[in-house]
Each structure stands twice: as C-alpha cells, then as structure tokens.
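Reading through the structure tokens given below for one structure.
The values are calculated or read from the model by the stated rules, or taken from the named source; none is laboratory data. Everything quoted here is computed from the prediction, not taken from an experiment. Quick reminder, even Gly has a Cβ in these numbers, built from the backbone with ideal geometry, and neighbours come from all protein chains shown. All accessible areas refer to the heavy atoms of the entire protein, side chains included, with ligands and DNA or RNA removed. Shrake-Rupley method; radii C 1.70, N 1.55, O 1.52, S 1.80 Å.
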Amino acid sequence: MSYANIGKTVRLNRILRDGKAVVFAFDHGFEHGPWDFTSETIDPRGLLKKIVDAGVDAVMLTPGLAYVTRDSWLGRTSLIVKVTGKTNLRPEDQKMLQSLIGTVEEAVSLGADAVAATVYWGSQYEDVMLSRWVSIKEEAERYGYPCLQLAYPRGPSIKNMYDVEVVKYGVRAAIEVGADLIKTYYTGSWDTFREVVKASSGIPVLMSGGAPRKSFMDFLRDVEDVMKAGAQGVVVGRNVFMHENPALAIRAVMKIVHEGLTAEEAFKTMQ
Ligand SMILES: O=P(O)(O)OC[C@H]1O[C@](O)(COP(=O)(O)O)[C@@H](O)[C@@H]1O
C-alpha cells in the first residue's frame, strides 16, 4: 500500500502554509557563478541564516549547498532541492540545457519537502529536459515528493521569454506533465499574469523573481501585482540577496504575500 499521496500533501502544506509561499532561491552559485555575490554574500551560511531567521517559508538549494548550509535551515524552514542546473561557463548553445545535478533520493536523504527541476520550453534540448523531468517526477511520486517545475520559455524560436503567450504555454505544458508547483516569469502586468494563472488550472503558480529591478519598490510592486493576479507566492533570489539588507527585503515580500499589504505599505515597514 503506498501512502505517498499523503506524504505529498503533508510536504506541500509545509511549503504553502496558508496556501501561499515565499521561497528563497539560492542556486545562483551554480547557475550564474560566484560573481552574483559580494564579499558579504559569498558565504552562503551567513546569508541563509539571516533569510531563515526572517521566517521565509522555504529555501531552494542545490544538494551540495543544502548540505554545506544545513545548520542555517535544518529544522527551521522547508527545503526544496533543485536537481537540475547549468553553469554560465558552458558553450552558448549548451546554455539552453539543464543537466541533472542531483537526485530525488538525495532530496529525501536531506529531509527536503520538494524537488525542483527546470524545463526550458522551446529549447532545442526540450526533449532531453522533458525525459529528465518525467524520471524525476516518477521517482518523486514514489516518495510522496511534490515537484516544482521552473517552467521557463527559452529557446531559438522564443523572441521574448516574458511574453504572456509563451509564459502561458510553458505553464500549461508544465501542468500537462504533472508539475505540482510552477515557477515562471512575471509578464509585466497583473492582467497578463492573470492569464498565466488561469492557464495553470489551479496548480499553484509562483513568480520567479528575475533580474534585479531598477528599485526594490519596483520589485515589491511586481509581487503585489502577481498576488492580485492569483499567484500563490514568489520564488526570489537576486532581488533579495542583492539588496543591502536581505532580511528586511524578504520580510517585506512576505508581508505582501501572506498579509496582503500593498507594495507601498510593505516598503514602509522597511524604514
Ligand atoms: O533567469 P536566469 O538568469 O537563468 O536565472 C536563473 C535563476 O533564477 C531563478 O530561477 C530565480 O532566481 P531569481 O529570483 O534571482 O531570478 C534561480 O533559481 C535561478 O538560479
């Protein structure tokens, strides 16, 4: 008898504690390289401790970084293990491919509550990433682990990866292959993101933070917009860890997501 579906519900509820979640993404050391960090943030332990102390709902880490920073998150927040990745050192054409960098079994042994994997919808390697997704999903189901898909439209025929049409398609494709949570790009307005949410047929959609905005207030406004559009939260990295006070920044994001504050009200709490 498999009780895995109970386990999946337990784990999803730990991440979406009130149906919403603020997840801190910190796989950038792999995806972008150490140059995303300052002399301050290059030490992942100290930064993660500040973020966890601020009460974030989950952290998304590669298996190795989850191990190295275990004292910062263990028993204090949910862990999502990202099991795919690519470095920025690869040849240009290989950057449209996410490789396997971990396993569901490693996520289980780390005590994670979910696994995350990227599919670049539209990539010349879509087929490869899809096969990997199916295997990850199959193993995760056996362990009762929810799968977060980073559903990123990205490939030779994708003119604008933030365009609502391709973002919507990526979300619909993600649910068709069984994503339990979806992380995707902000489409620039709440009404276009509303269309993206509708395309998910009720599977929770979380906004991917994306490149740092001109101002932190701009980012908070985007968070407010996606929540108004029906998103169930955000998965954010750079807009928080590149802020001068990451703990204050993530707290402001949580006030919008969990308490329904406006961007302006949340920004005021940072003063
Ligand atoms: O869009 P890019 O440059 O590939 O960045 C990918 C990064 O964005 C994320 O998906 C979310 O982080 P950000 O909030 O910094 O965009 C990370 O998990 C990942 O490392």
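So that you can scan it fast, the table gives a plain yes or no per residue for (1) touching a residue at least 12 places away in the same chain (Cβ under 8 Å); (2) within 13 Å of the ligand (Cβ to nearest atom); (3) open to solvent by 50 Å² or more (accessible area, probe 1.4 Å):
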| residue | (1), (2), (3) |
| --- | --- |
| Val52 | yes, no, no |
| Ser99 | yes, no, no |
| Asp113 | yes, no, no |
| Ala117 | yes, yes, no |
| Asp127 | no, no, yes |
| Lys137 | yes, no, no |
| Glu141 | yes, no, yes |
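Screening Ala247 with (1) within 15 Å of the ligand (Cβ to nearest atom); (2) under 26 Å from Gly46 (Cα atoms); (3) open to solvent by less than 20 Å² (accessible area, probe 1.4 Å); (4) not polar (S, T, N, Q) gives one miss only, at (1).
Per-residue answers, yes or no, for (1) within 16 Å of the ligand (Cβ to nearest atom); (2) touching a strand residue (DSSP E or B) at 6+ places or on another chain (Cβ under 9 Å); (3) among the small types (Gly, Ala, Ser):
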| residue | (1), (2), (3) |
| --- | --- |
| Gln124 | no, no, no |
| Trp133 | yes, yes, no |
| Met161 | yes, yes, no |
| Tyr169 | no, yes, no |
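Taking the stretch 49-96, which residues are of a type in the set (Lys, Arg) and closer than 15 Å to Val115 by Cα? Selection gives Lys82 alone. Restricting Val196, Val171 to those that are part of a helix (DSSP H, G or I), touching a residue at least 12 places away in the same chain (Cβ under 8 Å) and under 14 Å from the mean Cα position of the chain (by Cα) reduces the list to Val171.
When we screen Arg172, Arg132 for residues that are out of contact with any Asp or Glu (no Cβ under 7 Å at 6 or more places or on another chain) and over 20 Å from Met60 (Cα atoms), the only hit is Arg172. Residues of the stretch 157-196 that are in contact with a helix residue (DSSP H, G or I) (Cβ under 6 Å, 6 or more places away or on another chain), buried (at least 24 other Cβ atoms within 10 Å of the Cβ) and of a type outside the set (Ser, Thr, Tyr): Val167, Val171, Ile182, Phe193, Val196. Cβ-Cβ distances below 8 Å connect the following pairs, each with a first residue in the stretch 69-92 that is open to solvent by less than 40 Å² (accessible area, probe 1.4 Å), a second residue that is away from the ligand (no atom under 15 Å from the Cβ) and among the basic types (Lys, Arg), and a separation of six or more residues or different chains: Thr69/Arg45; Ser72/Arg45; Ser72/Lys49; Ser78/Arg11; Ser78/Arg14; Thr84/Arg132. Does Gly29 count as touching a residue at least 24 places away in the same chain (Cβ under 8 Å), over 20 Å from Pro146 (Cβ atoms) and of a type outside the set (A, V, I, L, M, F, W, C)? Yes: the conditions hold for Gly29. For the stretch 197-232, a residue qualifies if it is open to solvent by less than 10 Å² (accessible area, probe 1.4 Å) and among the aliphatic types (A, V, I, L, M), and the qualifying residues are Val205, Leu206, Met207, Leu220, Val223, Val226, Ala229, Ala231.
Taken over the stretch 13-43, residues that are open to solvent by less than 70 Å² (accessible area, probe 1.4 Å), closer than 26 Å to Asp71 by Cβ and away from the ligand (no atom under 13 Å from the Cβ) amount to 4. Given the structure, is Met60 within 14 Å of the ligand (Cβ to nearest atom) and open to solvent by 30 Å² or more (accessible area, probe 1.4 Å)? Judged against the criteria, Met60 is not a match.
Matching residues to (1) at positive phi; (2) charged (D, E, K, R):
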| residue | (1), (2) |
| --- | --- |
| Ala151 | no, no |
| Asn160 | no, no |
| Val177 | no, no |
| Tyr185 | no, no |
| Val197 | no, no |
| Ser201 | yes, no |
| Pro204 | no, no |
| Glu224 | no, yes |
